[in-house]
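Below you'll find the structure, written out as structure tokens, and then a few comments.
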Amino acid sequence: MDTADSTGTTGTAALPRPFDAAFFADPHPVHARLRAAGPVHRIALPDGSPVWLVTREADVRAALTDPRLSVNKAHSGTGFKGFALPPALDANLLNIDAADHLRLRRLVSQGFTPRRVAELNGRVQAAADRLAGALAARIAADGSADLVAEFAAPLPLTVIGDLFCVPEAGRKPFAADVTTMFAPEHPARAGEAVERIHRFLLDLVAARRAAPGDDLLSALIAARDEGDRLGEDELVSLAFLVLMAGTENTQHLISGGLLTLLGHPGQLDEVRADPALWPGAVEELLRHGHPNQMAVRRFPVEPVAIGGVLIPQGDTVLLCLASAHRDPARYPDPDRFDIHREDKAHLALGQGMHYCLGAALARMEIRIALATLLRRLPGIALAVPAGALRWRPSFRSHALTELPVTVAGLQGPAGRRGR
């Protein structure tokens, strides 16, 4: 939902609005132009909300851990605040600072220990194999299939759904509502989606409380009910964040990662031939094409200078991760995708206090998903020209809405070969 809680549009008519249809299709030329023009820009978002955009890697990296830049909306002024969420969804790790953040992080981190993630390896592989088989069957029947709908979206939904014991019937509707929240065709639908997500999570918490099991949500409920360490809004908000981030980001990394590899067939052949290259390939995919364009918005608690620009207290600051990851001051030939790149360090999974709790799980899912696709469907290819692919109309994330693929040699309808 690319809207503000209060638009704060007064005096913004003359501000540049770089996030347009061309940006949605390919944001990197816009990032390059802004980055070359300066480290910080005052711009307007598509709805007219004013923000400060930080473009260069060194400034973005430093700002991510600057305690003067708060994620708490209580410190915001009249500009862009991000999603307008009810309190029961807003008390999550992306909206709180310091002591409260550390308290909640300690509680939820029990679900993402290295041991627990390692235990999920077999489950992720089994799900990837099952979905790859279903994808191949769909291509054999129809000549092509949408990899997003058939593989990239259901895989993380299965993994995180199992982790939270989400009923099968509720998984796809939840994921659809998250998609609507991020990029609604009509603004009113975003609010409706948020309401449905809220009701779904309240029902899920009530069901787990009535019949707890060996799952992460049950553990969080116990932490709240027995130790009284989690407030009710905190509990529901944590469930919302883990389910949302665990499905939304990973599905786009899988589909975008495959598209990138298909565009670099030499490197695709390398990782297919040598599985030891996958960890480095995943890191380069995270740097080169992470869907998240921006980090969570920040609000200075006092005037803060970034890149020589003084940003007033309460204004909204957007730290542009996608621009930072293509900054030539940090990465030689930054637009080049190179799994052998020496410096693949990135900010895609956060930095400091807000480093992604599910980072190890996300890396594992991406590696298993892409390796399984290349192994099970060795002739996989785009079913449409790359220029015909459709992208989400959002300044927040550069994400495919669908990825039509085919496989050389699989039968299409009436004995046709899939093209």
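Note on H264 and L277: the extension gain reaches 3.2 nm, defined as 0.36 nm multiplied by sequence separation minus the Cα-Cα distance.
Positive end of the dipole of the chain (Cβ unit charges, origin at the Cα centre): among P167, H290, L238, the Cα lying farthest that way belongs to H290.
Three principal axis extents describe the C-alpha atoms of the chain; from largest down they are 65, 56, 41 Å.
Distance between Cα centroids, the range 101-126 to the range 52-76: provide it in whole Å. Cα centroid to Cα centroid, the span is 27 Å.
Sorting 128-134, 267-273, 59-65, 360-366 by their mean Cβ neighbour count within 10 Å, with the most densely packed peptide first, gives 360-366, 59-65, 128-134, 267-273.
Annotation: peptides 231-243, 151-163, ranked by per-residue average of other Cβ atoms within 10 Å with the highest first, follow the order 151-163, 231-243.
Each residue, D26 and R209, gets one label point 7 Å from its Cα in the Cβ direction; the gap between the two is 5.2 nm.
Label-to-label distance for L102 and E342 is 3.7 nm, based on points extended 7 Å past Cα in the beta-carbon direction. Look at the alpha carbon pairs under 8 Å that are at least 6 residues apart: their mean separation over the length of the chain gives a relative contact order of 27 percent. Peptides 81-90, 299-308 ranked from most to least packed give 81-90, 299-308, packing being the mean of other C-beta atoms within 10 angstrom over each peptide's residues. Using every Cα-Cα pair within the range 38-99, state what percent have a distance larger than 15 Å. The share of Cα pairs beyond 15 Å in the range 38-99 comes to 61 percent. Per-residue accessible area (protein heavy atoms, 1.4 Å probe) orders Y331, Y355 as Y355, Y331, starting from the largest. Calculate I(q)/I(0) for the range 225-366 by the Debye formula, one identical point scatterer on each C-alpha and no solvent, and give its log10 at q = 0.12, 0.17, 0.19, 0.22 Å⁻¹ to two decimals. So the normalised log intensities are -0.63, -1.04, -1.18, -1.40. Using R0 = 25 Å, the C-beta based FRET efficiency linking R123 and A408 works out to 0.25.
The values are calculated or read from the model by the stated rules, or taken from the named source; none is laboratory data. Since the structure is predicted, the reported quantities are computational estimates derived from the model, not experimental observations. Cβ coordinates were reconstructed from backbone atoms using ideal geometry, including for glycine residues, and neighbour counts include every protein chain displayed. Accessible surface is based on the protein model in full, side chains and every heavy atom, while ligands, DNA and RNA are left aside. Shrake-Rupley method; radii C 1.70, N 1.55, O 1.52, S 1.80 Å.
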